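The values are calculated or read from the model by the stated rules, or taken from the named source; none is laboratory data. Keep in mind it's a predicted model, so treat the numbers as computed, not measured. Here the Cβ is made from the backbone with ideal geometry for all residues, glycine too, and neighbour counts use every protein chain on show.
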């Protein structure tokens, strides 16, 4: 295994090459309407997704799907039956997801301070 390590070079104003690249990316993003979001922590994102999933679980209440089973096959003729299955989502599950999301967001913001 060969490891290549570059030394950190600084420009005339003391800014590293990495800092120049980041500044160039941010400038390009602002010029093209993309807002940089370097302050988003994984805990905040996961917390927001949990809150969203909890709200969806509370509003929908469950989901259903259908399955097909082959009953008989006589030559080219097949007899199938279709079963409708429902999976209820407990309101408690939605409330737990919302609570966990809020806790994650609060813990992530306190960790930053």
Failed condition for residue 39, given (1) modelled with pLDDT under 80; (2) assigned to a helix (DSSP H, G or I): (2)
Enumeration of residues in the stretch 67-113 that are at pLDDT below 90, in contact with a strand residue (DSSP E or B) (Cβ under 6 Å, 6 or more places away or on another chain) and either assigned to a helix (DSSP H, G or I) or under 30 Å from residue 53 (Cβ atoms) (or both): 87, 88, 89
